[in-house]
Amino acid sequence: MDRGRRKEILVGAEEFVEVRTGGYYYVDKTGLIRDLIHKKGKVTLFTRPRRFGKSLNMSMLKAFFEYGCSPQVFEGLEIARETELCEKYMGKFPVISISLKDVCADSYPTARRMLIKTIKEEAVRQKKRMDREMLGKEEQEALAALLTENMDDADIYASLRSLTRLLGEYYGQKAIVLIDEYDVPLAKAFEEGYYDQMLHLIRNLFSQVLKTNASLEFAVLTGCLRISKESIFTGLNNIVAYSVADVEYSRYFGFTEEEVHSLLGEYHLSSHEQELKDWYDGYRFGNTGVYCPWDVICHCKKLCVDSTAKPKDYWINTSGNDIIRTFIQMSEKGFARQELEQLAAGGVVSKEIHQDLTYRDLYATMENMWSVLFATGYLTSRGQAGSGRLYLAIPNKEIQEIFARQLIQYFQEAARQDGAAMEAFCMAVQEGNAVEVERCFQAFLRKTISVHDYSIRDSLKENFYHGILLGFLSFKEGWTVASNRETGEGYSDIVIEIEEERTGIIIEVKYPKSENLEGACQEALEQIERNRYDEYLRNQGMQTILKYGIACWKKRCKVVAKIKREKTES
């Protein structure tokens, strides 16, 4: 490896050997290998949220145990100090390594073909590592059966077990099986309506390769959710699962504070340590506090190019956030609404967490939803609440923003379903009727989840109400509505142009530090005047310009309009 230059940051790294030989920065997680060997579990399942390093760790295990391992790629790492373990285990096993993350289709036949293709690709990889002349006729026939895409169900069930037996006979050594993202096919199948078929297929595949398999040394699986044994691991009494709630292995997924400190020091970014902590820390796995590694790597990469780059939610772009939407919809009824408001305000809730669920159970009850949010990283533990319960909270600013955006979108859509109320609100805005604007907006705020905790930055609070208003005002056809447009000497919150009426509207939103809503409205109007936000509208030929200061505090609001309409010259 080239040690003459500072290592680059590789975003989205999943191949351990590529990271170690390509001169890229690597956060050492090789202690996982030692702990895995010492615990000697036959089948080990690790469940963690997406983008917390599962795939890179699986690639690391493959690189260490598989025949042909290059000791140089582990040079200087934690596992290299375990000389006896390295001599006994490094490069001593055939390893079957598959990822099911691409077995994700909108129909069962397509998903089934994708699974066969995944198995075939691994069989091809193994074939290239074998000396054909050393294979007997029976072994060659067994391998050929794995290289076809015309497998029937029985062939699929037996495929990985057959491959372990073939490798065991060829190498004279039991095989290690690594299955990454084991639950992706089930999640997609549940979403698309072919869950029972996929469950049957995966259950039989796993049962044959993982249960009473004389050719299996051990197996490691990773996934996002811990699916109940009754659902997928039927009859597997040899499986041990480690979730985000468990102390064991807790420091090997995600970055610890010390690891982030070292990373920032390496790239002279230590001045950004607090902002990374605020935005991407806050998770607790077992007894270890961790950062989301995907966010840290993405933001550090950005900072290396632009030292003024602001934190953003990189995590949301890696997957959909439909789970939050479902959670919000379910919370509209009953006590859960108050608990959601508590979370949005930066508080905690006490909940019993169910580790073993089936996909049919996930959204069956609100209680199960808490467990899903916890397992998938939208909520994290803030300690034991007693009687098997945990205190749960939103981990950091990134997830707070995800919740806030989903809340805004949900409430916008809910309000827009009442066309009469939206029409009344927009007409009041156009007519300068501050009393009616306030009444309409106040009525809606009573139905929303408020965002008011002091630990949340003020701009997020203002953005929450800003976003709701923006959605309301966009309801009106024929209006041109812009957000944060450059006008005069700054950026006004909302600017509306009603071309037909030659009317322009400027709205400035405030979330005051106290309950002085009237004062905040006056401050907003003064800001409009001071920064000449109306200059743009005058240049556009608007003959009537209305200026609004709107202040929000929890579920209350105050609206003040410029009393005199300002006429521009014709």
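Worth a mention:
- If the segment from ASN531 to THR234 were pulled out straight at 0.36 nm per residue, it would be longer than the present Cα-Cα gap by 100.2 nm.
- Cross-link pairs LYS42/LYS120; LYS29/LYS461; LYS447/LYS476; LYS42/LYS277; LYS54/LYS92; LYS301/LYS397 - those with Cα-Cα distance over 27 Å: LYS29/LYS461; LYS42/LYS277
- Remark on the range 406-554: Rg and Dmax equal 14.7, 44 Å (Cα only).
- Whole-percent P(r), the range 128-267, all Cα pairs, 10 Å bins from 0: 10, 31, 29, 19, 10, 1.
- Think of the chain as a dipole: +1 on every Lys or Arg Cβ, -1 on every Asp or Glu Cβ, centred on the Cα centre; then among MET90, ASN516, ALA424, MET90 lies furthest on the positive end.
- Accessible surface of ARG251 - all protein chains present, 1.4 Å probe, nearest 10 Å²: 80
- When a 1.4 Å probe is rolled over the protein heavy atoms, the share of accessible surface on the chain that falls to carbon and sulfur comes to 46 percent.
- Ranked order, PHE233, PHE218 - accessible area, probe 1.4 Å, largest first: PHE218, PHE233
- Only helices enter the 222 nm calculation for the chain: every DSSP H run of n ≥ 4 contributes -39,500 (n - 2.57), and dividing by all residues gives -13500 deg cm²/dmol, rounded to 500.
- Theoretical FRET efficiency, 1/(1+(r/R0)^6), r = Cβ-Cβ of LEU85 and VAL11, R0 30 Å, to 0.05: 0.45
- By the Kirkwood approach, averaging reciprocal distances over each pair of separate Cα atoms, the range 276-317 gets a hydrodynamic radius of 10.9 Å.
- Intensity falloff of the range 235-299 expressed as log10 I(q)/I(0), Debye formula with alpha-carbon point scatterers, at q = 0.17, 0.22 Å⁻¹: -0.60, -0.86
- Here the scattering of the range 303-440 is modelled by Debye summation over its C-alpha atoms, one equal scatterer each and no solvent; at q = 0.16 Å⁻¹ the log10 of I(q)/I(0) is -0.92.
- The calculated FRET efficiency for the pair LYS555 and ARG113, based on their C-beta separation and a Förster distance of 51 Å, comes to about 0.45.
- q = 0.20, 0.27 Å⁻¹: log10 I(q)/I(0) that the Debye formula gives for the range 189-231, counting C-alpha atoms only: -0.77, -1.13
- The ellipsoid equivalent to the alpha-carbon distribution of the range 188-311 has semi-axes of 39, 17, 13 angstrom, derived from the gyration tensor eigenvalues as √(5λ) and listed largest first.
- Here the chain carries DSSP beta bridges of which approximately 50% are antiparallel, counting only pairs with both residues inside.
- The residues neighbouring ILE37, those whose beta-carbon lies less than 9 Å from its own, together hold a net charge of +2 under the Lys/Arg +1, Asp/Glu -1 convention.
- Each principal axis of the Cα cloud of the range 42-144 was taken in turn, and the coordinate range along them, longest first, works out to 48, 44, 25 Å.
- With the whole protein complex present, THR376 retains an accessible surface near 20 Å², based on a 1.4 Å probe.
- Charge dipole (debye, nearest 20) of the range 199-323; +1 at Cβ of Lys and Arg, -1 at Cβ of Asp and Glu: 540
- Taken per residue, the accessible surface of the chain reaches 44 Å², heavy atoms only and a 1.4 Å probe.
- Counting only Cβ charges, +1 for Lys and Arg and -1 for Asp and Glu, the dipole size of the chain around its Cα centre is about 880 debye.
- Positive-end residue of LEU236, TYR280, GLY254, charge dipole of the range 232-281 with Cβ unit charges: LEU236
- Neighbour net charge for GLU149 - beta-carbon separation under 11 angstrom, K R +1, D E -1: +2
- Of the residues MET151, MET366, ranked by 1.4 Å probe accessible area with the largest first, the sequence reads MET366, MET151.
- Surface accessible to a 1.4 Å probe, TYR536 within the full protein complex, Å²: 60
- Pair-distance distribution P(r) for the range 112-159, from all Cα-Cα distances in 10 Å bins starting at 0: 27, 54, 19, 1 percent.
- Top positive-direction residue, dipole computed over the chain with Cβ charges, set ALA443, CYS69, GLY193: CYS69
- Cα centre as origin, Lys/Arg/Asp/Glu Cβ charges: the range 249-351 dipole, Debye: 340
- Karplus-based coupling profile of the range 278-290, in residue order and whole Hz: 5, 8, 10, 8, x, 7, 10, 9, x, 10, 10, x, 9, with θ = phi - 60° in 6.51 cos²θ - 1.76 cosθ + 1.60 and x standing for Gly or Pro.
- Inverse mean reciprocal Cα-Cα distance (Kirkwood Rh) of the chain, Å: 27.0
- Full extension of the chain between VAL124 and ASN287 gives 54.5 nm of extra length, using 0.36 nm per residue less the Cα-Cα distance.
- Take each peptide in 399-406, 428-435, 268-275, count the other Cβ atoms within 10 Å of every residue, and average; sorted highest first, the result is 399-406, 428-435, 268-275.
- When ASP278, ASP295, ASP322 are compared by accessible area of protein heavy atoms, the largest-first order is ASP322, ASP278, ASP295, using a 1.4 Å probe.
- The range 89-209 - convex hull of alpha carbons, volume per residue in Å³: 96
The values are calculated or read from the model by the stated rules, or taken from the named source; none is laboratory data. All values reported here derive from a predicted model rather than from experimental measurement. Neighbour counts run over all protein chains shown; Cβ positions are idealised from the backbone, glycine included. The area values use the complete protein model at the heavy-atom level, side chains included, leaving out ligands, DNA and RNA. Shrake-Rupley method; radii C 1.70, N 1.55, O 1.52, S 1.80 Å.
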